[in-house]
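Enquirer: Before we start, here is the structure in question, set down as structure tokens.
The values are calculated or read from the model by the stated rules, or taken from the named source; none is laboratory data. What you see is a predicted model; the values in this text were computed from it and never measured. Cβ placement follows ideal geometry from the backbone for every residue including glycine, while neighbour counts extend to all protein chains displayed.
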Amino acid sequence: MLIRAVFTPLSPFRFFPESFTLFGAICWGIRVLYGESELEQMLSEFTKNPSFIISSPLPISKGGILFPKPILKGGWKDVASMEEYKERKNAKKLNYVDEKTLRKVLEGEIRTEKSLWDHVKDEHLNQLQIMGVAQPHASINRITWTTEGGQLYNEESTYIGVKFAVLIKFFDENYEEKVKASLSFTQIGGNKSTGMGNCRVEFEKYNGWIDEYINEQRGNFITLSPTLYDSSFLLEKSYYEVYPFVSPVDNYYGVISPAIWKRKTLFISKGSLITTESSKPFFGGIKKALFNRETNKAIYHYGYAFPLFTRWSYEN
């Protein structure tokens, strides 16, 4: 079953949220609302087979939902003119494509970065209200716990001025109400104590074109969320980007103290075109990012792909 959650931001975010940010919010919601044993059972299931997978936030523009730009073969000329050089630079800055364009990529009508850019370059898809905002704060004296003698400093945060959608595919429908309750209850991301990450969220069952591409399991897919490496990935036949990520463990709800940091994790970015040696409903996994010896508890990074299977490959 596939549902769509539509978020209306009510405050800035510490960072632009990704699927692992949302999964963290779900985990905290389940722990607070249903108890620690319920969370432990869910995480135990996720280490083998996920009960659900979630996409990263998909901004909603006037024309509909926008999707992360697919990462494709270049397709540019070997010797470029100055005009083509400028076009290449602009193509690299593209972050999102619309539904029509993504479907053309999934069907194989668009197979290169150049043809993708030729298709969307006049549509101004990057003109979204997503921007960095400097938030002033007062330094706190940790001995007196006052601002006496402290100075002001600026902290970067992210303002999302549009609604965004998140797709959630359930393999176990028993988790549907728990996930909905958790996302309605929790704030998203860091700096909750300063009011960041507040949203209003609405849920609806999704019956649309995405069903065609998420249910027809094939050997190639574009992921709508960052993913951890899967042993079935054929990276030499894939087009992808990787980035390291490190974050503190959220302790806003007062159950983990002092603040601790997860180990750095390497993610394959959303929009990557992954070729695999097998067809299955989910790829990636969750990774143990930290083990707290004091509490004997493991802390995880979420890294399941949200795959939309293509109907072609570069070998076709």
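Enquirer: Got at least one residue in the stretch 18-39 being within 21 Å of residue 176 (Cβ to Cβ), surrounded by fewer than 21 Cβ atoms within 10 Å (Cβ to Cβ) and among the polar types (S, T, N, Q)?
Expert: Yes, the stretch 18-39 contains a residue that is within 21 Å of residue 176 (Cβ to Cβ), surrounded by fewer than 21 Cβ atoms within 10 Å (Cβ to Cβ) and among the polar types (S, T, N, Q).
Enquirer: Which ones in the stretch 205-218 are surrounded by 18 or more Cβ atoms within 10 Å (Cβ to Cβ) and in contact with a Ser or Thr (Cβ under 9 Å, 6 or more places away or on another chain)?
Expert: Hit for the stretch 205-218 is 213, nothing else.
Enquirer: Give the residues of the stretch 258-312 that are in contact (Cβ under 8 Å) with a residue 12 or more places away in the chain and of a type in the set (Lys, Arg), sorted by residue number.
Expert: Hits for the stretch 258-312 are 262, 263, 264, 270, 280, 287, 288, 311.
Enquirer: Here is a follow-up. What number of residues within the stretch 174-193 satisfy the criterion of being of a type in the set (S, T, N, Q), within 19 Å of residue 19 (Cβ to Cβ) and at pLDDT below 90?
Expert: 2
Enquirer: Filtering the stretch 280-310 down to residues that are of a type in the set (A, V, I, L, M, F, W, C) and part of a strand (DSSP E or B), which residue is surrounded by the most Cβ atoms within 10 Å (Cβ to Cβ)? Write out each step before concluding.
Expert: The initial filter retains those residues of the stretch 280-310 that are of a type in the set (A, V, I, L, M, F, W, C), namely 282-283, 286, 289-291, 298-299, 305-306, 308-309.
With part of a strand (DSSP E or B) added as a condition, the list becomes 286, 289-291, 298-299, 308-309.
Values: 286: 19, 289: 21, 290: 14, 291: 11, 298: 15, 299: 19, 308: 23, 309: 19.
Only one residue fits best here, namely 308.
Enquirer: Another one. Going through 160, 222, 256 one at a time, which residue ends up being surrounded by 18 or more Cβ atoms within 10 Å (Cβ to Cβ), of a type in the set (A, V, I, L, M) and either over 18 Å from residue 14 (Cα atoms) or modelled with pLDDT of 95 or more (or both)?
Expert: 222
Enquirer: Could you tell me which residue of the stretch 194-204 is surrounded by the most Cβ atoms within 10 Å (Cβ to Cβ), considering only residues that are over 17 Å from residue 19 (Cα atoms) and within 20 Å of the chain's Cα centre (by Cα)?
Expert: Only one residue fits best here, namely 196.
Enquirer: If you don't mind, another one. Got at least one residue in the stretch 176-193 being aromatic (Phe, Trp, Tyr) and buried (at least 16 other Cβ atoms within 10 Å of the Cβ)?
Expert: Among the residues of the stretch 176-193, not one is aromatic (Phe, Trp, Tyr) and buried (at least 16 other Cβ atoms within 10 Å of the Cβ), which makes the answer no.
Enquirer: Continuing with the same structure: Tell me, which strands (runs of 3 or more DSSP E) wholly within the stretch 166-251 include 1 or more residues that are of a type in the set (S, T, N, Q)?
Expert: 220-223
Enquirer: Still on this structure, I have one more. For the stretch 57-112, give me each residue that is surrounded by 12 or more Cβ atoms within 10 Å (Cβ to Cβ) and of a type in the set (Asp, Glu).
Expert: Across the stretch 57-112, the qualifying residues are 84, 87, 98, 99, 107, 109.
Enquirer: Another question, then. Report whether or not residue 5 is closer than 30 Å to residue 119 by Cβ and among the small types (Gly, Ala, Ser).
Expert: yes
Enquirer: Only residues in the stretch 172-193 that are under 11 Å from residue 3 (Cβ atoms) count as the first member; pair them with residues that are of a type in the set (Val, Ile, Thr), Cβ under 6 angstrom, at least 6 apart or cross-chain, and list the lot.
Expert: Every condition considered, the pairs that remain are 179/26; 183/201.
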